[in-house]
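*Asks:* Please read through the structure below; I'll follow up with questions.
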Amino acid sequence: MKGLVLKDVYNVLNNGKGLLMMMLILALAIVPTQGFIGFIVTGTIVCSMMTTTSFAIDHNSKWEQFAIALPIDRKDIVKGKFVTLLLFTLIGLTLSIVLGSLATVIFQMTLSSKMVIKEMGQMIILSASVALIFGTNSILLLLKFGAEKARMFLILGYVIPGALIIFMLSKLNELGVVFTEKMLNQTLMMLPFVVIIWLTIGYSLSVVIMNKKQY
């Protein structure tokens, strides 16, 4: 499985040399308007989407047909994709913090160290959780429909959950429900458990889909 993960990472980095430049441009565009903390969320999600790129590369090189002829368990192929998702989520977090800090220095923005540490911790949990949940959805859709057919579904896979969250928050706001700091902290504490459950379900469904696929 290690070889499968390295293949995906090398392929994406080799074919995505503009990733660092894109992240830098995003940092310069987002940090002055949305702040350093806001960039962490965006940067992490953008980097986690590189897992989708690995599927596109596999499809274009017809690697799937070659892979099933090798003595590789299909379960390991799925596992490799999820490990790749985890790696790019971590890369996204790291790049977001480094480039966000650089942009903060460039624009001479002053931030309270106590506030930054506290909010950064919250945003790291939120960013990683959103990236992993959306990434799991993407892997499921890509395995089910393939890199070519899944493009529209992938867009919907990001837009629909985002729209639902915004809709639910607006309804709660209309009902007079106010998210206090205590409620926010409790929600953030629950997120890692939700992500673990989501990853487990997503991985199990992905294995079922992979085992049924015919190349």
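*Asks:* Can you find a residue in the stretch 6-16 that is in a helix (DSSP H, G or I), open to solvent by 70 Å² or more (accessible area, probe 1.4 Å), farther than 22 Å from TRP198 by Cα and of a type in the set (Ser, Thr, Tyr)?
*Replies:* The answer is yes; a qualifying residue exists.
*Asks:* If you take the residues in the stretch 32-48 that are of a type in the set (Ser, Thr, Tyr) and open to solvent by 30 Å² or more (accessible area, probe 1.4 Å), which one is modelled with the highest pLDDT?
*Replies:* Among them, the one singled out is THR42.
*Asks:* Please go through the stretch 67-107 and give me each residue that is without any contact (Cβ under 8 Å) to a residue 40 or more places away in the chain and more than 16 Å from SER48 (Cβ to Cβ), ordered by number. Steps first, please.
*Replies:* Of the stretch 67-107, the ones without any contact (Cβ under 8 Å) to a residue 40 or more places away in the chain are 67, 69-71, 73, 90, 94, 98, 105.
Matches in the stretch 67-107: ALA67, ALA69, LEU70, PRO71, ASP73, VAL98, VAL105.
*Asks:* What do you reckon, is LYS213 modelled with pLDDT of 75 or more, surrounded by fewer than 16 Cβ atoms within 10 Å (Cβ to Cβ) and in contact with a Leu (Cβ under 9 Å, 6 or more places away or on another chain)? It would help to see each step written out before you state the result.
*Replies:* On the way: modelled with pLDDT of 75 or more: yes; surrounded by fewer than 16 Cβ atoms within 10 Å (Cβ to Cβ): yes; in contact with a Leu (Cβ under 9 Å, 6 or more places away or on another chain): yes.
Answer is yes for this residue.
So that you can scan it fast, the table gives a plain yes or no per residue for (1) of a type in the set (D, E, K, R); (2) buried (at least 20 other Cβ atoms within 10 Å of the Cβ):
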| site | (1), (2) |
| --- | --- |
| MET50 | no, yes |
| HIS59 | no, no |
| ASP73 | yes, no |
| ILE91 | no, yes |
| SER127 | no, yes |
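*Asks:* Moving on. Out of the stretch 176-210, which residues are open to solvent by less than 50 Å² (accessible area, probe 1.4 Å) and within 19 Å of the chain's Cα centre (by Cα)? Working first, answer last.
*Replies:* Of all residues in the stretch 176-210, those open to solvent by less than 50 Å² (accessible area, probe 1.4 Å) come to 188, 191, 195, 199, 202, 206-207, 209-210.
Listed by number, the residues that qualify are LEU188, LEU191, VAL195, LEU199, GLY202, SER206.
*Asks:* In addition: For ALA29, are the conditions met, namely being over 18 Å from ILE209 (Cβ atoms), open to solvent by 20 Å² or more (accessible area, probe 1.4 Å) and modelled with pLDDT under 80? Break it down into steps so the answer makes sense when it comes.
*Replies:* Working: over 18 Å from ILE209 (Cβ atoms): yes; open to solvent by 20 Å² or more (accessible area, probe 1.4 Å): yes; modelled with pLDDT under 80: no.
It is false that ALA29 is over 18 Å from ILE209 (Cβ atoms), open to solvent by 20 Å² or more (accessible area, probe 1.4 Å) and modelled with pLDDT under 80.
*Asks:* In the stretch 107-145, how many residues are in a helix (DSSP H, G or I) and either among the hydroxyl-bearing types (Ser, Thr, Tyr) or at pLDDT 80 or above (or both)?
*Replies:* Step one: filter the stretch 107-145 for residues in a helix (DSSP H, G or I), giving 113-145.
Still in the list and also either among the hydroxyl-bearing types (Ser, Thr, Tyr) or at pLDDT 80 or above (or both): 113, 121-145.
Adding up the residues that qualify gives 26.
The values are calculated or read from the model by the stated rules, or taken from the named source; none is laboratory data. Since the model is a prediction, treat every value here as computed from it, not as a measurement. A quick note on method: Cβ atoms are made from the backbone with ideal geometry, for glycine too, and the neighbour counts reach across all protein chains shown. Each accessible area value is taken on the protein alone, full model and side chains, heavy atoms only, with ligands, DNA and RNA left out. Shrake-Rupley method; radii C 1.70, N 1.55, O 1.52, S 1.80 Å.
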